[in-house]
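Asks: My questions all concern the structure below.
The values are calculated or read from the model by the stated rules, or taken from the named source; none is laboratory data. This one's a predicted model, so the numbers in the text were calculated from it and none came from an experiment. Quick reminder, even Gly has a Cβ in these numbers, built from the backbone with ideal geometry, and neighbours come from all protein chains shown. Just so you know, the surface numbers come from the protein's heavy atoms only, side chains and all, with ligands and any DNA or RNA stripped out. Shrake-Rupley method; radii C 1.70, N 1.55, O 1.52, S 1.80 Å.
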Amino acid sequence: MDTSVNGAPSPAPDDPGLSAADHLRDRLGLTGTKIACGSGVCGACTILVDGAPTASCLLPADHLTGRSTTTVEGLDGLHPAQRALAAHDGLQCGYCTPGFAVEASVFVDTWRAEHGDTRPDRAAVADALAGHLCRCGAYEGIFAAVAAACAGEFDTEPDQAPPRSDAPDKVTGRARFSADHAPPGTWEGVIVRSKVPHARVAKVSADPGPDGSPPPLVDLLGEERVVRYVGQAIAAVAAPTRALARELAEAVRVDLDPLPSVTDPRAATAPDAPVLYRTKEERDAAPAYGEAPTPPAPWNGNLRGPGVISWRGPTAVARLRAAGRRRDPLLVAEEYTTAAQVHSPLEPHVSVASWVDGDLYLHVSTQSVGKIADKAASRWELPRERVHLVAEYVGGGFGAKNSLSPDVVAAVELARVTGHPVRVSLDRSEELTDAGYRPGTRTRVALLAGGDGSLRALSVDSYGDGGVSVGSSTAALAALMYGRSPRRVRDYDVVTNRPPGEPMRGPGGPPMAWALEQAVDAMAHRLGEDPLALRRRWDGNPKRQALYERVADLPLWRDRPRGARTGRFRRGVGMAAAGWPYLLAPDARVELAVEGGSLVVRSATQDIGTGIRAVLGGVVSERLGVDAADLRVEIGRSSSVHGTGSFGSRTTTSMGPAAVDAADRLREALRERSPDVPASGPVPEHVLKEALAAAEGVSVVGERRRDRWGQLTPNMGDLAVGRGMSGAVHVMEVEVDTRLGRVRPTRCWAGIAAGRVYQERLARNQCEGAVVQGVGYALHEERRDDPATGVVLSDDLEDYRLPGMGDVPETEVYFHEEGFEHVVGGGIGLGEVSVVGVAAALGNAVHDATGWRPHDLPLRPDRLIGGLR
Ligand code: FES
């Protein structure tokens, strides 16, 4: 039988060492098939082999011989499932999307053959797509899309353009991510990593290869010849194929002198524990996992801190101590812990580098195109304009892709040494070991209420467990909640010889809420009060007050079960509040140019799934009254005007106003040439056409203007703190199986107060995804390592479990859009505030259902069963 791919004859695979995915991608150029986990867990690489969905990352390439293969490109973008995914925004970054589209196409066809145009229920869709993971958590849109496609709603092209302008490219596999940009002749780089937790590296060397010459080997350690954790990058090698590069990496000799190590945080604070950082220089150079610059704090051995925030702190402490002595029933003092959560973007860290005539060309999966290009220029001593960095599509980041990481350095150095383009792509084990994580925490919280039910004192002490890194802000964030009652909060870090954390979506926020919001719930029970009523009394934040008002009328809350519940399955409803600082990027810029009679919107920002590409196009189109389809939006290139990084909930609130300003400036420029262009409002189509023809080559740059009340801080490297905080309230319903210890989140209401929302569907998608990530944090995700060796054990997506479609609640998002009228554009970021309270709401729901309060995350079945006993 002939071998065919996408309906056309194809040469039979000739390299049995290749996987089917590698063959399709690298030999046939069908890069729509993505590789994410490499172990058949996530579904991103799904193809059809003789019509059957198959994980191509596990399939040897020669199994395609004599078969008919269909990749996402073979669906032609015309399958109803693809149209529906785009229309219902069943995607964010788009990295998982081709796999979903391929599998969904089969399910939709099969369903319709068996059931006609009926709509499958949520459980049927979840079952059908159980082999697929979306780390962005775009499941609500996927549920809606697949059901609609089954019901025959997308048999023809819909009239309306999809809400996400790049959705058509993502559902068809046309969107090219960094790894897809490897030109012919690209070599593969592999990083050599430490196998010991602490050592001084004396020498790194490699024996000559089969051809008698030493392999290309570059050093990644820098001046300090010390490794401090298993998995730390030491060197890198390259070869024409990845298999060969791996062999070479195995053969690299690392001569080292072992140093004493400590991999357990409790052991690290013992008086005789080996100390990781002995000098001030070493301590100052410790990696940081906070989002903002790490404030100074004292060190004592491996314990850093406390970083203290205090408001009438001595009063708070005196009141809490006195209450403890007299065993005051209105004192809630508890300890909560959280596990490390790994960012796990489905697109791993990957870089493709090449040098051409002294210029550096880079494709990097990054959240910060401009910053990484700046750093590359500085590191390799190049004029900035000679660094050409592109990140057109980025498969998620969540905070992990914001530095000049070892994959970038290795690719650039190896490209220089070999004279070839070099691609360095982390495999899933590397991604889960040394690409960042949200550190685990141990947090003690104490709340004291007065006889009148008021909050009289609050204290929080939190210990971050970020391996070799520091930067706990868990306690500090608690200081921003519940008014101005006396309070003292203290943050510590315990350093160990384990990999470093990185800032992860709302750094410090989810562990803070897990402790504080459950303690508030416990206090409500002590006071015999409705948890909502208590928050309404204690919380002075007007935005959350608006959300509380909404919750009071919410059937999910109002009609929740009351009293003790019995039986195996018990339903409960819990809530949690959250807030997040307003960050912005004062230097954000957007260029608007007239090129070839069209409008081009440009900026060196990037879209990691947040939808900024659609936001920029939408803003300009709305401001000028032109069709978004007539605009070209070019982002993700370092050569463009400065665009901000995609982190700190600051992208849209910074880039959106700059785009408005650009549109206004362009209008003025057009009016100078074409007086028929109106001073405001939509530009009629025929007027615009003539005006653009007269303005060919014109380019303007819009800026992010200052807010009406200014900023709380000066500009700190394109980062400033604005006035006001966003708010959120989550209400979660769960069903607890008390026999098997399983918690099933069934419904969630997410109320978000971040001012004006730029693109409603895209914003909602982001908040729905935050619920998915919060559920993962609460129930499934746990980075485990071996305390004896420091080796990360949960280094694949079997052992590090991400939530799938069957794990998540049906989610409704509500936006309260008032309260930020002083902000240019009227709205601030919502990516972080939307994740902070999810796990805490779930914890409170479990308590409501069972009467037992969970203290440790993740809430595994063994913990729940043990707790209920
Ligand atoms: Fe699914 Fe990003 S859209 S992983």
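Asks: Name the single residue that is farthest from GLN773 (Cα to Cα) among those in the range 834-869 being without any contact (Cβ under 8 Å) to a residue 24 or more places away in the chain and open to solvent by 30 Å² or more (accessible area, probe 1.4 Å).
Replies: Residue satisfying both the conditions and the ranking: ARG869.
Asks: For the range 155-177, give me the residue count where each residue is within 15 Å of the ligand (Cβ to nearest atom) and in contact with a Phe, Trp or Tyr (Cβ under 7 Å, 6 or more places away or on another chain).
Replies: Result for the range 155-177: 2.
Asks: Give me the residue from the range 310-369 that is under 30 Å from ALA449 (Cβ atoms), of a type in the set (Ser, Thr, Tyr) and surrounded by fewer than 21 Cβ atoms within 10 Å (Cβ to Cβ) and, out of that set, farthest from the ligand (Cβ to nearest atom).
Replies: Looking at residues that are under 30 Å from ALA449 (Cβ atoms), of a type in the set (Ser, Thr, Tyr) and surrounded by fewer than 21 Cβ atoms within 10 Å (Cβ to Cβ), I get THR315.
Asks: Tell me which residues, restricted to the range 703-736, are modelled with pLDDT of 90 or more, more than 26 Å from MET481 (Cα to Cα) and open to solvent by less than 70 Å² (accessible area, probe 1.4 Å).
Replies: If the condition is that a residue be modelled with pLDDT of 90 or more, more than 26 Å from MET481 (Cα to Cα) and open to solvent by less than 70 Å² (accessible area, probe 1.4 Å), then ARG704, GLU735, VAL736 are the ones that fit.
Asks: Something else now. Suppose we filter the range 167-179 for residues that are farther than 13 Å from GLN82 by Cα and crowded, with 20+ Cβ neighbours inside 10 Å; how many remain?
Replies: 4
Asks: Another question about this same structure. Residues that are charged (D, E, K, R) and open to solvent by 30 Å² or more (accessible area, probe 1.4 Å): find the strands (runs of 3 or more DSSP E) completely inside the range 514-618 holding 2 or more of those.
Replies: 569-584, 589-595
Asks: Taking the range 679-688, which residues are surrounded by 13 or more Cβ atoms within 10 Å (Cβ to Cβ) and out of contact with any helix residue (DSSP H, G or I) (no Cβ under 6 Å at 6 or more places or on another chain)?
Replies: Within the range 679-688, PRO682, PRO684, VAL687, LEU688 qualify.
Asks: Of the conditions (1) in contact (Cβ under 8 Å) with a residue 60 or more places away in the chain; (2) more than 28 Å from the chain's Cα centre (by Cα); (3) closer than 18 Å to ALA475 by Cα, ASP539 satisfies every one except a single condition; which number is it?
Replies: Answer for ASP539: the failing condition is (1).
Asks: How many of the residues making up the range 197-243 are open to solvent by 40 Å² or more (accessible area, probe 1.4 Å), in a loop (DSSP other than H, G, I, E, B) and within 18 Å of SER261 (Cα to Cα)?
Replies: Counting residues in the range 197-243 that are open to solvent by 40 Å² or more (accessible area, probe 1.4 Å), in a loop (DSSP other than H, G, I, E, B) and within 18 Å of SER261 (Cα to Cα) gives 2.
Asks: Here's something else I'd like to know. Might you let me know whether the range 384-393 holds any residue that is touching a Gly at 6+ places or on another chain (Cβ under 6 Å), open to solvent by 40 Å² or more (accessible area, probe 1.4 Å), within 16 Å of the ligand (Cβ to nearest atom) and not basic (Lys, Arg)?
Replies: yes
Asks: Let me ask another. Answer yes or no: is there a residue in the range 78-95 that is modelled with pLDDT under 95 and of a type in the set (D, E, K, R).
Replies: Checked the range 78-95: no residue is modelled with pLDDT under 95 and of a type in the set (D, E, K, R).
Asks: Moving on. Return the total of residues in the range 786-803 being of a type in the set (D, E, K, R) and in contact with a Cys (Cβ under 9 Å, 6 or more places away or on another chain).
Replies: So the count comes out to 2.
Asks: Within the range 423-456, which residues are open to solvent by less than 10 Å² (accessible area, probe 1.4 Å) and among the acidic types (Asp, Glu)?
Replies: Scanning the range 423-456 gives a single hit, GLU431.
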